[in-house]
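Peer 1: Take a look at this one; I'll ask things after.
The values are calculated or read from the model by the stated rules, or taken from the named source; none is laboratory data. What you are looking at is a predicted structure, and each value in this text was computed from that prediction instead of being measured. In this analysis, Cβ positions are derived from the backbone assuming ideal geometry, glycine residues included, and neighbour counts consider all displayed protein chains.
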Amino acid sequence: MAGTLGGVVGFGTSIMLMPALVLVYGPRQAVPIMAIGSIMANASRVAAWWREVDWRTTLAYSATGIPGAVLGARTLLVLPPGIVEGVLGVFFIGMIPVRRWMVRQHWKLNRWHLAAVGAVIGFLTGIVVSTGPLNTPFFLMHGLVKGAYLGTEALSSLAVYGAKAVTFRTLGALPFEAIAQGAMIGASLTVGAFIAKRYVRQLDAQHFRLLMDGLLLVAGLTMLWAAVAR
């Protein structure tokens, strides 16, 4: 279910799975396990929308996102728990009216803008489990929707999550057991991306954006809950 939802809107898999992963594996193991699952989930979206990927946009975003993720993963070990989740929760919810206002201003982001965005979101991705909702408004304002958005955002996120996983492994926070557990979760997420493809083709751009707003609201509330729960 999480893989299918993520395949339709481009994010949401981590948000849906994290409560269950924390209950089963504990919060310390859940983050690196989900990093492996996210790599496989994003790889499946890339495979599903390969023909519509904007490669230059992916390169611009990843060039700064990868070093940002490495720095963020190292920063994770010294941050007070709950602070980042609370800030992101407010940001996700606040982005709903902000994105709509930006659309009315007819703002359009170029690849240099996305390179700057990649540095910031890459850093945050290294710290928290999921920043997928953060990517959404910026990729949409770049003019990408539906398959082009899903494929390009997934390939960009794949590079960032890969850097995050390598950093965890280097720091000793990603043992082989966690890799195996993440791979099992990722296998089920992969199936969802291809199930979702038929539904994405049936959505018009306006309904697609409305669905994004709904997930941003859920993501924000989930992050705030996580911050309070800590």
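Peer 1: Please determine, by comparing only the residues of the range 157-188 that are part of a loop (DSSP other than H, G, I, E, B) and hydrophobic (A, V, I, L, M, F, W, C), which one is modelled with the lowest pLDDT.
Peer 2: Taking the candidates together, the pick is ALA173.
Peer 1: Of all the residues that make up the range 39-72, how many are modelled with pLDDT of 90 or more, within 22 Å of ALA193 (Cβ to Cβ) and among the basic types (Lys, Arg)?
Peer 2: 1
Peer 1: So for the range 73-84 (the condition being in a helix (DSSP H, G or I), under 26 Å from LEU211 (Cβ atoms) and touching a residue at least 24 places away in the same chain (Cβ under 8 Å)), does at least one residue qualify?
Peer 2: Within the range 73-84, one or more residues are in a helix (DSSP H, G or I), under 26 Å from LEU211 (Cβ atoms) and touching a residue at least 24 places away in the same chain (Cβ under 8 Å).
Peer 1: Of the conditions (1) buried (at least 17 other Cβ atoms within 10 Å of the Cβ); (2) in contact with a His (Cβ under 8 Å, 6 or more places away or on another chain); (3) part of a helix (DSSP H, G or I), LEU109 fails just one. Which one is it?
Peer 2: Failing condition for LEU109: (3).
Peer 1: Considering only the range 159-178, I want to know if a residue exists there that is farther than 22 Å from PHE194 by Cα and of a type in the set (S, T, N, Q).
Peer 2: Yes, the range 159-178 has at least one match.
Peer 1: Which one is modelled with the highest pLDDT, of the residues in the range 129-155 that are in a loop (DSSP other than H, G, I, E, B) and under 10 Å from the mean Cα position of the chain (by Cα)? Before you say what the answer is, go through the steps one by one.
Peer 2: Filtering the range 129-155 down to residues in a loop (DSSP other than H, G, I, E, B) leaves 129-131, 142-145.
Next cut, under 10 Å from the mean Cα position of the chain (by Cα) only: 129-131.
Details: VAL129: 69, SER130: 70, THR131: 75.
Checked the range 129-155; the qualifying residue modelled with the highest pLDDT is THR131.
Peer 1: Are any residues in the range 123-135 farther than 14 Å from LEU76 by Cα and either among the acidic types (Asp, Glu) or surrounded by fewer than 24 Cβ atoms within 10 Å (Cβ to Cβ) (or both), and if so, which ones?
Peer 2: Selection gives LEU134 alone.
Peer 1: While we're looking at this one, here's another question. Is there any pair linking a residue in the range 202-215 that is closer than 18 Å to PRO133 by Cβ and hydroxyl-bearing (Ser, Thr, Tyr) to one that is at pLDDT 75 or above and surrounded by 11 or more Cβ atoms within 10 Å (Cβ to Cβ), with Cβ under 9 Å and at least six apart or on different chains, and which?
Peer 2: Short answer, once both residue conditions are applied: none.
Peer 1: Can you list residue pairs whose Cβ atoms sit under 7 Å apart, with the first residue in the range 37-52 being at negative phi and surrounded by fewer than 22 Cβ atoms within 10 Å (Cβ to Cβ) and the second being of a type in the set (A, V, I, L, M, F, W, C) and not in a helix (DSSP H, G or I)? Count only pairs 6 or more apart in sequence or on different chains.
Peer 2: Qualifying pairs under 7 Å: VAL46/VAL53.
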